[in-house]
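Some notes on the structure that comes next.
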Amino acid sequence: MGNEFMPQILAQFNLVAINKVLECNKFSSGFGLSLTEDEVKALAEHRLETLKATGRIELSGWIMPKLIFAFCDSPFIYQDNYEEMLFGLQEVFYYFKGEMLEEISDDELIAVMKDKFDTECQGSLEYLQETVLEELARNVREGRK
């Protein structure tokens, strides 16, 4: 009996999440970055695919606003690559959140991602994922935070 309302609840949750991300434009536009409603909807769909692929669920709300606030001042992100970078950052975040066995908080992971992205990775998501975060995940799994 309760399952008949589940699609409506999920649709409402998705709408609220999309609106929260659209509200981030007020902040990110100060850095010359903004997302259209269609881009946010695409990011939301990608989120669901990524969560499914990584076997994760997200109870605390969509991580995208935190990623936007953290990365919108990066010298390596500009309007032409903004949506693509957010797709990649979201994917990297969810993957490594699982790889680090939930041993570090969302905020800690985002802070490390941002610091390394802007410094030694010089805007390369590939380098961030394949070297820096891989090493950090290994250290966390081995108890060396």
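Coordinate-derived values only; no laboratory data. If you're wondering where the values come from, they're calculated on a predicted model, not measured in any experiment. Here the Cβ positions follow ideal geometry from the backbone for every residue, glycine too, while neighbour counts run over all protein chains shown.
Using a simple spin-label model with pseudo-atoms 7 Å out from Cα toward Cβ, Glu135 and Glu45 lie 3.8 nm apart.
Taken one residue at a time, the phi angles of the stretch 71-77 give Karplus couplings (6.51, -1.76, 1.60, θ = phi - 60°) of 9, 5, 9, 5, x, 9, 10 Hz. Gly and Pro are set to x. Our coupling estimate for the stretch 90-104, obtained by passing each phi through the Karplus curve with A = 6.51, B = -1.76, C = 1.60 and θ = phi - 60°, is 4, 4, 4, 4, 5, 4, 6, 4, x, 5, 8, 6, 6, 7, 10 Hz, Gly and Pro reported as x.
The sum of -39500 (n - 2.57) across all DSSP H runs of n ≥ 4, divided by the residue count of the chain, sets its helix-only mean residue ellipticity at 222 nm to -19000 deg cm²/dmol. The ranking of Met85, Met64 by Cβ neighbour count inside 10 Å, starting from the fewest, reads Met85, Met64. Listed by chain and number, the aspartates and glutamates whose alpha-carbon sits under 17 Å from that of Lys114, ignoring those within fewer than 8 places in the same chain, are Asp73, Glu83, Glu84, Glu91, Asp106, Glu126, Glu130, Glu134, Glu135.
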